[in-house]
Amino acid sequence: MTGVRAVFKKEMRLYFTSPVAYVVFTFFLLIVGYFFYSIFAFYNLTSMQAAMNPAFARDLNVTDAIMRPLFSNTGIILLFFMPMLTMRLFAEEKRSGTIELLLTFPVRDGEVLAGKFAAAIVLFVMLLGLTALYPAIVGYFTRVEWGPLLSGYLGLLLLGSSFLAVGVLVSSLTENQIVASFATFAILLGFWVIGWSADLAGGNWRAVFQYLSILEHLDSFGKGVIDTKDVLYYLSVIALSLFLTLRALESKRWRG
Amino acid sequence: MIQVDRLTKQYGPVTAIRDVSFSIEKGGIVGFLGPNGAGKTTTMRILACFMPAAGGTARVAGYDVFSQSLEVRRRIGYLPENVPLYGELTVAAYLDFAAEIKGVSRSDRKRRVAEVMDRCDLADVQRRLIGKLSKGYRQRVGLAQALVNDPDVLILDEPTIGLDPVQVAEIRALIKSLAGQHTVILSTHILPEVSVVCEGVIIINRGRIAAQGSLDRLAEEFFPTARIELQVTGPAEAVRSALRQIPGVLRVEHQGTANGAGIFMVEAMRDRDVRAAIAQLVAERRWGLLELHQAGMSLEEVFLRVVAGEEFAGGEATA
Ligand SMILES: Nc1ncnc2c1ncn2[C@@H]1O[C@H](COP(=O)(O)OP(=O)(O)OP(=O)(O)O)[C@@H](O)[C@H]1O
Ligand SMILES: [Mg+2]
């Protein structure tokens, strides 16, 4: 356990000594803020119309009109930013050779991985915590439903953690941070795009593609529904990625 | 403390080491010598549990490096060849990390880190970023990191490479001071370093152990005769033939003159010290004896002979 702690602390230090964390935080919050603003403004417009035409008003509620689009947009933005939080984790250790020392310290490979993954998750949770500002603004003007809000955040947490797990895996396969970042992004993009092909494919494939699509699973969280199927999907992505990372580290040892 | 038995390792088609066997006693300091690409780093990486061997076994501090790797790793300090460190951390933060991950308890950590910083002369730079330090200081941070858990065994891959002469002397003194409580294996290209620091030598060439033992033993093994250098004023030919008459002398060579004195090299049997006889002879003839000493077989000569012999034997084997 002290091994996990030591690695975790080191990674947190490194996140904040490099500009990457600050850049990710700043731009992520700006972009999410922009989306929030435009969704909110659109909602204002439609509610104004609804005031004049009560027929509209039936379908209008904050969860569906603001929170759900905000969550799915945030999910997509995460897809762009999460690879930047994980690209360094193993690639840089391999490039600079520090992995040789790290893997000869008296800790298991799994503890090293746990410390690194935990650091990425904690950074991500901090980031997610800052976005809570936006629902708070909504709450100031109108009544928010807590259920969908919390389940939506749980969905984002699972989604982001899956992104991070894939990123960690890719980072363990290369020595180049830029390659790690782009390859992660490409893989995640693939898992998103596969959801679109679901619409084209027919029959059984449709269900398969839909199931594989990484963003598809976020939607029900935004509605306040926590489906075990979705939770299991994200947890399996995480578990599989971390397992493969351990295998990659082991093979690194054999190859030297 | 270290027992290596028929260790073999391949990188793809390249066999880096083959059937490497040696052992090092507790408290010993042993130099690991070999030309470039001989397999020093490979052997040390296996001992430090970075990579598993393809064949053979190695035990460090009583534990097997493969099946009990965590136990071994708790008891070693390892300094890899290129001293890989986190450039973005300060010296103090890095050493604190190293101490924690190596299992130094929270209550001891501050004290241990201060101790190794003191020992490696790092106190002045402890707030500086490692990436901004000079090569010599980085080397010391690497050494401090290896020492921070007070390990039984130190595995140092070229610890003095790239240092200025003053720092080399300091680091050597530091390593020497570790003898006794710590068992040290250090690799180097610098032959005098081994004579100065180490008690024993292991010479590896092309992935195989070519020779091992104490320096004296190696000198005897590879140079069965002793060499004595002297400067004598007197007619060169007369001196030469007189020296030849001394029992035990095998060969005399006149190597030139300096300051009006002839320089001679006398090769004699090792088991018979001919120096007293030479001095007596020169005195009897009333020549002047300006200098007389037995040339220690430099490790360099041993090394060259071992490695050259191997090359020769290798050439024969493949022919
Ligand atoms: N990661 C690797 N992949 C492939 N071959 C390697 C690798 N590391 C070392 N080798 C090869 O293994 C052999 C032994 O290398 P090693 O690094 O152990 O030598 P060394 O004695 O440490 O040399 P030097 O004095 O130059 O540091 C060399 O032929 C080298 O090319
Ligand atoms: Mg080497």
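Find the relative contact order for the range B:148-193 and round it to a whole percent, using C-alpha pairs within less than 8 Å whose residues are 6+ positions apart.
Details: 37 pairs, mean separation 26.6, N = 46.
Over the range B:148-193, the number comes to 58 percent.
At 7 Å along the Cα-to-beta-carbon direction for both A:Val125 and A:Ser197, put a label point, then send me their distance in nm to one decimal.
The two pseudo-label positions are separated by 3.6 nm.
Note down the accessible area of A:Leu212, probe 1.4 Å, to the nearest 10 Å².
60
Based only on Cα atoms, what mean projected area does the convex hull of the range B:2-220 have, in nm²?
Numbers: hull surface 47.4 nm².
The Cα convex hull of the range B:2-220, projected and averaged over all directions, gives 11.8 nm².
Output the relative contact order of chain B, whole-number percent, from Cα pairs under 8 angstrom with separation of 6+ residues. Write down the numbers at each step before the final one.
Details: 595 pairs, mean separation 58.3, N = 319.
Relative contact order for chain B comes out at 18 percent.
Relative to the first principal axis of the alpha-carbon coordinates of chain B, what is the inclination of helix B:135-147, with its axis defined by its Cα atoms, in degrees from 0 to 90 and to the nearest 10?
Approximately 70 degrees, to the nearest 10.
Rounded to whole Hz and in sequence order, give me ³J(HN,Hα) for the range B:234-241 from the Karplus expression 6.51 cos²θ - 1.76 cosθ + 1.60, θ = phi - 60°, writing x for Gly and Pro.
Per residue, the Karplus-derived 3J(HN,Hα) values read x, x, 3, 5, 4, 4, 4, 6 Hz.
Please give the net charge around B:Val83, taking every other residue with its beta carbon less than 14 angstrom from that of B:Val83, where Lys and Arg add +1 and Asp and Glu add -1. Walk me through the intermediate numbers first.
Numbers: positive: B:Lys135, B:Arg138, B:Arg140; negative: A:Glu100, B:Glu81, B:Asp157, B:Glu158.
My count for the surroundings of B:Val83 gives -1.
In the range B:224-295, what % of DSSP beta bridges are antiparallel (nearest 5)? Before the final figure, lay out each step's value.
Working: 23 of 23 bridges.
Within the range B:224-295, antiparallel bridges account for around 100 percent of the total.
Output the 0 to 90 degree angle, nearest 10, between the alpha-carbon long axis of helix A:68-86 and the longest principal axis computed from the alpha carbons of chain A.
Approximately 20 degrees, to the nearest 10.
Would you report the distance distribution of C-alpha pairs in the protein assembly as shown as whole percents per 10 angstrom bin, up to the bin with the largest distance?
3, 14, 19, 17, 14, 11, 8, 5, 3, 3, 2, 1, 0, 0
Once you keep just the Cα pairs under 8 angstrom separated by 6 or more residues, what percentage relative contact order results for the range B:246-298?
Working: 47 pairs, mean separation 15.2, N = 53.
This gives 29 percent for the range B:246-298.
Applying the Karplus parametrisation 6.51 cos²θ - 1.76 cosθ + 1.60 with θ = phi - 60° to the phi angles of the range B:262-268, what ³J(HN,Hα) value in whole Hz is obtained for each residue in order, glycine and proline being reported as x?
x, 9, 10, 10, 10, 9, 9
I need the phi-derived Karplus couplings for the range B:104-116: 6.51 cos²θ - 1.76 cosθ + 1.60, θ = phi - 60°, integer Hz, Gly and Pro marked x.
Along the range B:104-116, the couplings run 6, 5, 3, 6, 8, 4, 4, 5, 4, 4, 4, 4, 5 Hz.
How far is the Cα center of the range A:158-219 from the Cα center of the range B:209-239, in Å?
72
Given H placed 1.01 Å from N in the peptide plane, which residues other than close sequence neighbours of B:Gln10 have an amide H under 5 Å from its amide H?
B:Ala16, B:Ala54
Give me, ordered by chain and number, the residues 5 or more places off B:Arg270 or on other chains with an amide H under 5 Å from its own placed amide H.
Close amide H contacts, sequence-distant or interchain: B:Ala226.
Taking every eigenvalue of the Cα gyration tensor of the range B:28-140, multiplying by 5 and rooting it, what semi-axes result, largest first, whole Å?
On the way: eigenvalues 157, 71, 29 Å².
Computed over the range B:28-140, the values are 28, 19, 12 Å.
For chain A, just the Cα atoms, rotate onto the principal axes and tell me the three extents in Å, largest first.
71, 46, 30
Just to be sure I understand the curve: with the Debye formula and one point per C-alpha of the range A:107-172, what is log10 I(q)/I(0) at q = 0.13, 0.15, 0.23, 0.25 Å⁻¹?
Results for the range A:107-172 at q = 0.13, 0.15, 0.23, 0.25 Å⁻¹ read -0.48, -0.58, -0.98, -1.08.
How do A:Tyr211, A:Tyr233 rank by accessible surface area computed with a 1.4 Å probe, from largest to smallest? Don't skip to the answer; put the middle values down first.
Values: A:Tyr211 95, A:Tyr233 10 Å².
The most accessible residue leads, giving A:Tyr211, A:Tyr233.
For A:Lys223, which aspartates and glutamates qualify as cross-link partners when the Cα separation must be under 19 Å and same-chain residues fewer than eight apart are set aside?
Result set, ordered by chain and number: A:Asp59, A:Asp64, A:Glu145.
Add -39500 (n - 2.57) for each DSSP H run of 4 or more in chain B, then divide by its residues: what number comes out at 222 nm, to the nearest 500 deg cm²/dmol? Don't skip to the answer; put the middle values down first.
Values: 11 runs with 121 residues, N = 319.
Result for chain B: -11500 deg cm²/dmol, rounded to the nearest 500.
Taking a 1.4 Å probe, which of A:Phe182, B:Phe97 shows the most accessible area, and what order do the others take after it?
Working: A:Phe182 135, B:Phe97 10 Å².
Descending order: A:Phe182, B:Phe97.
For the full complex of protein chains and a 1.4 angstrom probe, list B:Lys9, B:Lys110 by accessible area with the highest value first. Show your work: numbers first, answer last.
On the way: B:Lys9 5, B:Lys110 175 Å².
The residues order as B:Lys110, B:Lys9, largest area first.
Return the tail of the calculated pair distribution for the range B:90-159, meaning the percent of Cα-Cα pairs more than 17 Å apart. Write out the running numbers ahead of the final one.
Working: 853 of 2415 pairs.
Tail of P(r) above 17 Å: 35 percent of Cα pairs.
Over the heavy atoms of B:Asp121, what accessible area does a 1.4 Å probe trace out, to the nearest 10 Å²?
Using a 1.4 Å probe on the heavy atoms, I get roughly 90 Å².
On average, how many beta carbons from a partner chain sit within 10 Å of the beta carbon of a residue in B:70-82? Show your work: numbers first, answer last.
Values: counts 5, 1, 2, 5, 3, 1, 3, 1, 4, 1, 6, 2, 3.
Whole-number average of other-chain Cβ neighbours for B:70-82 is 3.
Please find, in a Gaussian network model of chain B (springs between Cα atoms separated by less than 10 Å), the residue of B:Arg270, B:Arg172, B:Arg285 whose mean-square fluctuation is greatest.
With Cα springs under 10 Å in chain B, the top fluctuation among B:Arg270, B:Arg172, B:Arg285 is at B:Arg285.
Return the long-range amide H neighbours of B:Ile204 (sequence gap of 5 or more, or a different chain), with a cut-off of under 5 Å between placed amide H atoms.
Amide H neighbours of B:Ile204: B:Leu33, B:Gly34, B:Ala210.
Please compute how much accessible surface disappears when B pairs with A, both sides summed, using a 1.4 Å probe, and round it to the nearest 100 Å². Before the final figure, lay out each step's value.
Working: alone 15740 and 13370 Å², together 26300 Å².
Buried surface at the B/A interface: approximately 2800 Å².
What does the range A:28-129 give for Rg and for Dmax, in Å, if only its C-alpha atoms count?
21.8, 71
Can you give the translational diffusion coefficient of the range B:224-295 in µm²/s, computed by Stokes-Einstein from the Kirkwood radius over Cα pairs at 10 °C and 1.306 mPa s?
It diffuses with D of about 134 µm²/s by this estimate.
For B:Ser105, what accessible surface area do you get with a 1.4 Å probe? Give it in Å², rounded to 10.
The accessible area comes out at roughly 50 Å².
Per residue, what accessible area does the protein assembly as shown have, given a 1.4 Å probe and all protein chains present, in Å²?
On the way: 26300 Å² over 575 residues.
Heavy-atom SASA per residue in the protein assembly as shown reads 46 Å².
Taking the Cα centre of each part, how many Å lie between the range A:74-140 and the range B:1-34?
Cα centroid to Cα centroid, the span is 39 Å.
The values are calculated or read from the model by the stated rules, or taken from the named source; none is laboratory data. Please read all numbers here as calculations on a predicted model, not as lab measurements. Methodologically, a virtual Cβ is constructed for each residue, glycine included, from the backbone with ideal geometry; neighbour enumeration extends over all protein chains shown. Remember, those area values only see protein heavy atoms, side chains included, never the ligands or the DNA or RNA. Shrake-Rupley method; radii C 1.70, N 1.55, O 1.52, S 1.80 Å.
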